[in-house]
Amino acid sequence: MRKWFRAAALLLAVAAMAMLFTGCDEALGGGTLRVGVKTDIANFGLYDEESGRYSGMEVDLAQMLCSELGYGALELVPVTTGNREEKLTNGEIDMMIATVTMTEERREAYAFSAPYYTDHVRIMVEESSMIEGLADLEGCVIGVRENTDHALSLVNYMAEQGMIQPVDGDAFDPETYSGAVTFRVIGTYAAVSDALESGEVDAFLADGSILSGFHDDGRVLLPDELSEQPYGVGMVKGSSLSGRVSEIIDRWLEDGTIATLTEKWRI
Amino acid sequence: MENNTATATEARVSRNRTIIRWIVMAVVLAAIVAAAMSVIGSFKLRTSEEEIYATNRIRVNTVIQTLEDGGAEQDELYQEYDEMYAAKLKNTKYYFARIDRATIDDRFARTAAEFAGMDSAAVIDAQGNVYSTWHCDYEFTRNRFNMLRSPGGDDRTTQPFNITGEDGVVRRFYGMEVAPGRILVFVQDWTKTQNTIRRMTSWGSILQHLVSVDTVSIAVSLNDYSYLYNPIDDLTGKDALQNGMEIEYLHDSYEGELTFGGEKWCAVGRQWNDAMVFVLTRATANIVDDGLLIGSISIVLTIFVLLVAAFGAIINRDNIRMGKMPHFISLIWRRNARGEKKGILNFNLDVAGKLLPIALIGVAAVAALSYYIQSLNALSSIAYEANWNTVRITDTLADNTESADVVNSEYKEMYLEKCTQIAEILEKNPYYVLIFNPDADNVHAQDVVRGDDGQVIAGLDSYGNPCWSISEQPFLRSLSELNDIEKITVFDENGRIMATNNKEWYFSVSDDPESQSYAFREILEDHQDVIAQDVSVDDEGSYRQYIGSVFHYYTVQNEDGSTAYVSLDDYNSQLAGTWEGSPILRHRGLVQISISPERLRAVTETASMYYVADHTTVHGTGFMTIFDDSDEHLCVYSRLADNIGKPAASIGHSADAFDPSGESYNGIDTLQGTRYFQTLKLTGGDYIGVSVPLSTVYAGRAELALMVLAVVAVAMLAVFLWSCCFSAATEKLYEESTDAESGRVRNEQEPFLLTMPSGKTRRVRSAAARWDAEYIPWNSKTPDQKFAAVTKVVFHCFATFLFLCILLSRAGVIPIDAINYVYEGVWSKGVNIFAMTNCAITLIMVFEIAMVIEIVIENATSSMGSRAETLGHLLSSVVRYGVTLYAIFYVLYMCGLDTQSLIASAGILSLIVGLGAQSMIQDILAGLFIVFEGEFRVGDIVTVGDFRGNVLEIGLRTTKIEDPTKNIKVFNNSTLSGIINMTKEASYAAIDVGIEYGESLERVEAVLAAELPEVKKRLPAILDGPFYKGVSMLNNSSVDLKILAMCKEGDRIQLCRDLYRAVYLIFNKHNINVPFPQVTVSYLREDEEKSDEDNAKHEIDRTLDKLTEDEEDDEEDETPVDKA
C-alpha cells in the first residue's frame, strides 16, 4: 500500500510541476528558411536600423510562407537588385521575395511563383500643379532615376495612346529626348522627390512601389499604369520548394490572403 | 529485558515511520494545493485580463467620443488658419482696391505684406511673371505653382498648398486676384503654424487626461504611422511601426497585447478617422494584485488543510500509543490462509467521528475567508482608483484651463489684429457713414426714425427697408463677412453708434459701470487704445467676445450747418497745409467687433469641471457626480440629467458623507436602488463624487469562490480519507503497543475518569492542573490539547506574519491596497468590510501584544520572589481585563455605535452595576490589601476557620487554598478573616509520653537527655531539639512527659508520629515501660459464711465497672486486662 502511495505521490508531484509550467512553448522541430528581401523599399521590404526590424508586404509574405511550409525559423537576408540572383544561385538564400520583376530572361533562369503583386510604372505629381492626366503632361519636365528604363516606358505608352509618334527604343536616350515631354535624369530617387517638391520637375516617374515611399499629402498618382511589372517569388529551378511555394501562392491569390496583404500595406 | 528493548525500539522505529509518512503526505498535499491554486490563479488572471479588456473597450469609446466632441480637430484649426490668411488677402484686396486704387507697383508686395502682417508676399500674373516680391523668391512659372495662378475670380482665394523648402521649413501659399491680371501671393511659415496648432490642440492635451491608474491612451496616425501621442517612453511623434506597433493592429479595431519598453500592455484599439486610438492598461497591474489575492487564499487554504491533517495525525498517533483499537470498517479485505477476513484497507470510525466536524468547519472557513479576501481586495483597489481619479480631476481641470487660456489668447490676438485693421480701413474711408438724405427719391418723409434728441437716425424706403441708415451698413456688412466677424459697430466720441452692420442701432456705450460695454469707455476717454475682453457667456448661453479699437474720424462743418465726414488723407493734407476747405476736426471714436467663436466654445468648455467629469470613466461603468457646497449639496452635474438640481439626500447620499474639512469619504451606499461604492471629496469648491456599481466591483467573485471551495473540499476529503484509512500494517502497530506503555500514556494524560450526566465517560485532569501555570509536556497532552497547542502556534505565526505585512505595506516596500486602504481610507463606521477588517486586525494585534506583556511580566516576576509573583499575577489580570474591555469598546465603535455617549450613559449603568458589584469590589479591595500588606502569600500554610492548607493562588477576587489531601477550597477574599498563618515561624511538634508511676523519673530523664540528641540526627525534619520539657500531667495511669521539637509547619504532623516512634524505641531499649491502665483490686474479709464467691463476684463487678470507666477516659488503645 505504502509503495503504491509513494508512486502515486511522485506522479502527482510531477503532474503538479507540469501544471506549473503550463504555457511553456516548445519549439517543434524544423529547419530554417532563408529568404532574401529588400531593405530600402517602403511597404515591401524595409529595414529599420533603430529597431532592427524588417517591415513590408514581402516580409509578411516570407513569414507566412515559412509557417505554411512547416519551417521552424525564418532568416531574412538583405539583398539588392544587383546581388539577389547571385545569392540565390550560390545557395545563400532559399528564395527571393525582393520586388523581383519576372522578366523573360529571369523566367528562363529561375522558377517563379505566380505574381503576388503587379507593379506598374506610375507618374506622381504635386496636387498644386493641377496635372490630372497624361494630356496635362505635355510640355512638362519628367524626373526619372538614372539607369532605369521608365522614360522609355512612358514614351512608348504615350505613343500607344496616340499622343506622340512611336519612338525607336534602341536609339532612345532620356537625357536628350525632347518630344511632348522632356526628361530630367537624376541620380537617386530621393533627389527626384526633392526636385518634384521644389517644382524643378513636374512629375516623378518610377515604379509604383518606389513612389509609395515618397507619397505624401500634397502628392497624387496619375491613374495611368505603364509597363506592367509582376513580382514573383524566385527560387532555384527544379527545387522541391518551388512546387510547393507555387501551389501555396496560387491558393492565397484565390482565397484573398494576398489581397488582404496588399490592402494592409496600401499598395 | 532484551525483548522489551527490542519491542520498544521497533515501536519507536514504526512510530518514526508514521511521522515520516505524515510529513510526506503533507508535502504532497501542499504541492497539489499549490498546483490547484496556480490553475485558479491563471483563471483569475484571465478573468482579470478579460475585465481589463472589457473596461478598456468602454474607455476607448469614451476617448473617441471626447475626440469627436471637438477636442482634437486639428483639421478644423488648420482650416481656420487657412481662412484667416485668406481673409487677410481679402482684406488687403478690399483695402487697396476699393479705397486706395493705387497702382500695383513693384513695392506693392511689401506694402501689402506690411498691411497684412505677413512675412513674405509677391504679385504675379497667371503666367507666373513676377511684378513685385517681398522676401519671396520662387519660380512662379513652374507648374508647381499652377494652383496659385488660377484663382476662381471675384473674391475667391486659391487653394492653398505647401512646399517644403531645402531648409526643411514648410511654407504655405495663398493667392488672390487683387486686380485684373494681378495675383497677390502670401507665403506663410507653416511650420510655425503647425507647432501652434499642435500646442493648442495636441492629442496629448486631450488624451493625457483620459487615463487612470496604470492606464494610458495613445493614438497612431494612419497616414504616416507615427505616434500622434504616446506618453510611454516619450514616443510621441516617433514612428509607430518601429516602436512597438504592428501594422496588423492598425485598422478597424484591435484587442491584444502591446509591448513598450519591455512592459506588456493590454490594449483595445479603434479606428477614428485617420487615426487609430488605443487604450492600454499595464498587464502586470493586475498580476501583482491577483498574485497577492491568490497567494493569501492559498496560504489560508493550506493552513486549514494542514491543521486538519495535523489533528488527524495527532489523534492517530495517540491512539496507536494507547493501543486503543478503534472501531473500524474494512473497505478492502481478503481471506487469509485460515479463511478469516483480513482487512487490507480499513476505515477508522473513531477518528472519522472526531475529524469530520473539524474538516467541515475548515471547508466552510476557507470558503468564507476566500470570499472575504476577494471582497476586500476588490473594494480596496476600487477605492484606490476612485480616489486617484478624484485627485486627478483637479490636475485635469488645471491643464484644461491652461490650454483654454492659451487658445483664448491666440484668438484674442488674431481678432485684435482684425479690429485694428478694420479701424484703419474705416479711417481712410468715411463713406461707411452716409448721412440720411431726406431728399433722396425713395424716401418718404414720414418714414423716419428719430432718436431721443430728435435727431434723425434712420429712414425707410417705400418697401420698408432701411436705407442710408446707420444700421446694416453694406460696407460694414462686407467687411464683417470677409473677416468672419459677427458684428462691427462704430461709436462716435460720445459713445453713440455711428454705423453698424446689424439691426441694433439703438445701442450705445454704457455709462453704467456694471454694464459690459462700460469698459470700452476707456478707449473713448483716451485711456486705452485697444481692449480685448475675454470670452464670456451671455444670457442665452452663447459664447461671445468683444474687442474694441480706437479709431479717429474727421469732420468738417458745411456752410449749411450740416456735418460732413472726410478721410484721414484729407486730414493729412490739412496737416501738410494743402487742404482747402473748412477746418477738419479730429474725433476719437471706437470700433468694436464682436465675435462668436463657436470653435472656441469647445476648448473653453473643456476648462470646466463638468466637461472633465463627463469624460471620465472609472473602472468601466463608474461615473462622476458633482455637488455644490450648499447645505443641501445640490447636484450640479450628473450623468443622469434628472438628478441635476436635486439635493444629495434625495439621491441617496447621507449628509455626513460631505466632509467640509476636505477629508475624502469612502463608503458603500445605496443610491436610487443600486448599491455603489462611493467616494466624495471637497475639491475646488465643489464636492466630487465617484460611484462604481458594486456588481462591477465584485464581478468574478462567485466563480473564484466556488473554485476555491472545490479545491478545499477535495483537499479536505483527501486529508480526511488519508487520516481515517489505515492498513493491516498499522493494525499491527496497535497490537504492538504495550500495555504498560498505554497505561502510562493514559495516566499521563487523563488520570481521572469522569462520568458525564449524558452517560459518557471522559478522562479529565485534576482541577488544580487547570490553574497550574505549569507547562504540560507534549506527550502528556491529550490529542485535543495537542491540536489546540498546534493551532495556537499557527495563530501566533499568522499574527506575526500579518504584523510584518502591515509594516511592509505601510512603509511602502510592498504596497498592498487592502492594508493601505484599511488604515488610510476614511471609512464610514458601520458593519462594512473595511471597518470589520480594521477591527479584526486591531484586535489580533492588541491581544498578541497583551499576551507578550503577560509573558514578560510572568518571566520577570517569577525570579523575584513570591510577592513580585503575586503582583505580576495581578498586573496580568489587569492587562487581560483591560484589553478585553478595550476590545469590546473598539468593536462597538467600529460598528458605528457612538461609544462616547455609550460610556457617558454608562454612568447610570455603573451605578446599577456598582450596587450589584459591591461584594465583588469588596473582594477586589480585600485582595489588594492582602497582597500589599502581606498577611499571607502564595505558598504559605494557613488555617481559615477549620480549613488548613497551602495557599495556591491569590487572585483579584478569590483565593485558592489546597489542603494536604489535595482538596481545593476557593475563598472570596472578603471572607478571609481570622486567618492563622502557620508559615511565619517555625512550628513545634509536641508529644506527651507517659511513664509508669513506679518508674524512676530521674532515670528516665537521664535516658532522655542521652538519647534525644541522637533522635535529632536521625530525624532531619527537626530543626531544633527535641527538648524534654518536664511533666505535663499526672495522668490516671501514667506520668506524662512533654517532649518538644522545633520544625516546619508542614512537617509537624509527621514529626509527631516520628517522635512517638523514636521515644517508644528508646523506652524499649532502656526497659522503660509504657504504662497501661492498672487497677488494684482489694476486697474486705468480713463474713466467712458468706460465699467468697459472691463477695468476689461483687467486688469484681464493681472493679470491672470502674475499669470500664477508665477505659473510656483513656485516649490510647488499651489491651484489655482481665485479671479476674
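Numerical summary
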{"read-out": "log10 of Debye I(q)/I(0), alpha-carbon scatterers only, for segment A:122-197 at 0.11, 0.12, 0.15 Å⁻¹", "value": "-0.26, -0.31, -0.49"}
{"read-out": "Label-to-label distance, nm, for residues given as B:LEU925 and B:ASP75 (7 Å Cα→Cβ offset)", "value": "9.5"}
{"read-out": "Cross-link pairs B:LYS88/B:LYS487; B:LYS792/B:LYS966; B:LYS90/B:LYS487; B:LYS88/B:LYS192; A:LYS38/B:LYS264; B:LYS412/B:LYS487 - those with Cα-Cα distance over 20 Å", "value": "B:LYS792/B:LYS966; A:LYS38/B:LYS264"}
{"read-out": "Gained length - B:VAL406 relative to B:ILE855, 0.36 nm times residue gap less alpha-carbon distance", "value": "154.7 nm"}
{"read-out": "In segment B:131-181, the GluC sites (Glu not before Pro) that fall in loop regions by DSSP, at most 15 other Cβ within 10 Å", "value": "B:GLU139, B:GLU166"}
{"read-out": "Relative contact order (%) - segment B:267-382, alpha-carbon pairs under 8 angstrom, separation at least six", "value": "23"}
{"read-out": "Estimated FRET transfer efficiency (A:ASP149, B:ILE58; beta-carbon r; R0 56 Å; 0.05)", "value": "0.50"}
{"read-out": "Prolate/oblate/rounded call for segment B:963-1093, Cα gyration tensor, a/c under 1.5 rounded", "value": "oblate"}
{"read-out": "Distribution of pairwise C-alpha distances over segment B:933-981, 5 Å bins, in %", "value": "5, 24, 40, 26, 5, 1"}
{"read-out": "Neighbouring partner chain Cβ atoms per residue of B:136-146, average, 10 Å criterion", "value": "5"}
{"read-out": "Prolate/oblate/rounded call for chain A, Cα gyration tensor, a/c under 1.5 rounded", "value": "prolate"}
{"read-out": "Only Lys, Arg (+1) and Asp, Glu (-1) charged, at Cβ; segment B:987-1069 dipole about Cα centre in debye", "value": "300"}
{"read-out": "Over segment B:609-697 - Rg/Rh using Cα atoms and the Kirkwood inverse-distance radius", "value": "0.92"}
{"read-out": "Counting DSSP beta bridges with both ends in segment A:119-229, the antiparallel % (nearest 5)", "value": "60"}
{"read-out": "Fully extended contour minus Cα-Cα distance, from B:ARG1057 to B:PHE803, at 0.36 nm per residue", "value": "85.2 nm"}
{"read-out": "R0 of 51 Å, Cβ-Cβ distance B:GLU114-B:ASP233: FRET efficiency to nearest 0.05", "value": "0.65"}
{"read-out": "Residues with amide H under 5 Å from that of A:ILE164, placed H, sequence gap 5 or more", "value": "A:ALA159"}
{"read-out": "Size of electric dipole in segment B:609-697: Cβ of Lys, Arg +1 and of Asp, Glu -1, about Cα centre, debye, nearest 20", "value": "400"}
{"read-out": "Gained length - B:ARG1003 relative to B:PHE932, 0.36 nm times residue gap less alpha-carbon distance", "value": "20.2 nm"}
{"read-out": "Relative contact order (percent, whole number), segment B:74-197, Cα cutoff 8 Å, 6+ residue spacing", "value": "24"}
{"read-out": "Accessible area that becomes buried as B packs against A, both chains, 1.4 Å probe, Å², nearest 100", "value": "2600"}
{"read-out": "Antiparallel bridges, percent of DSSP beta bridges restricted to chain A (to nearest 5)", "value": "60"}
{"read-out": "Where GluC sites (Glu not before Pro) in DSSP loops with at most 13 other Cβ within 10 Å are excluded, longest remaining stretch of chain A", "value": "A:176-267"}
{"read-out": "Given B:LYS1017/B:LYS1042; B:LYS969/B:LYS1048; B:LYS44/B:LYS238; B:LYS969/B:LYS1017, the pairs whose alpha carbons are separated by over 31 Å", "value": "B:LYS44/B:LYS238; B:LYS969/B:LYS1017"}
{"read-out": "Rounded Å value of the spacing that divides the Cα centres of segment B:230-246 and segment B:176-191", "value": "39"}
{"read-out": "Inter-label distance, nm, simple model (7 Å from Cα along the C-beta direction), A:THR182/B:VAL1079", "value": "17.7"}
{"read-out": "Distance (nanometres) between label positions extended 7 Å along Cα→Cβ at B:LEU871 and B:ASP898", "value": "4.4"}
{"read-out": "FRET efficiency for B:LEU706 and A:ASP255, using Cβ-Cβ distance with R0 set to 35 Å, rounded to 0.05", "value": "0.20"}
{"read-out": "Trypsin sites (Lys or Arg not before Pro) within segment B:978-1060: DSSP coil, no more than 13 neighbouring Cβ in 10 Å", "value": "B:LYS984"}
{"read-out": "Sites matching trypsin sites (Lys or Arg not before Pro) across segment A:162-267 that sit in DSSP coil, with at most 15 neighbouring C-beta atoms within 10 Å", "value": "A:LYS237, A:ARG266"}
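The values are calculated or read from the model by the stated rules, or taken from the named source; none is laboratory data. Quick caveat, the model's predicted, so the values are computed rather than measured. Cβ atoms come from the backbone with ideal geometry, glycine included; neighbour counts cover every protein chain shown. Just the protein is used for accessible areas: all its heavy atoms, side chains included, with ligands, DNA and RNA removed. Shrake-Rupley method; radii C 1.70, N 1.55, O 1.52, S 1.80 Å.
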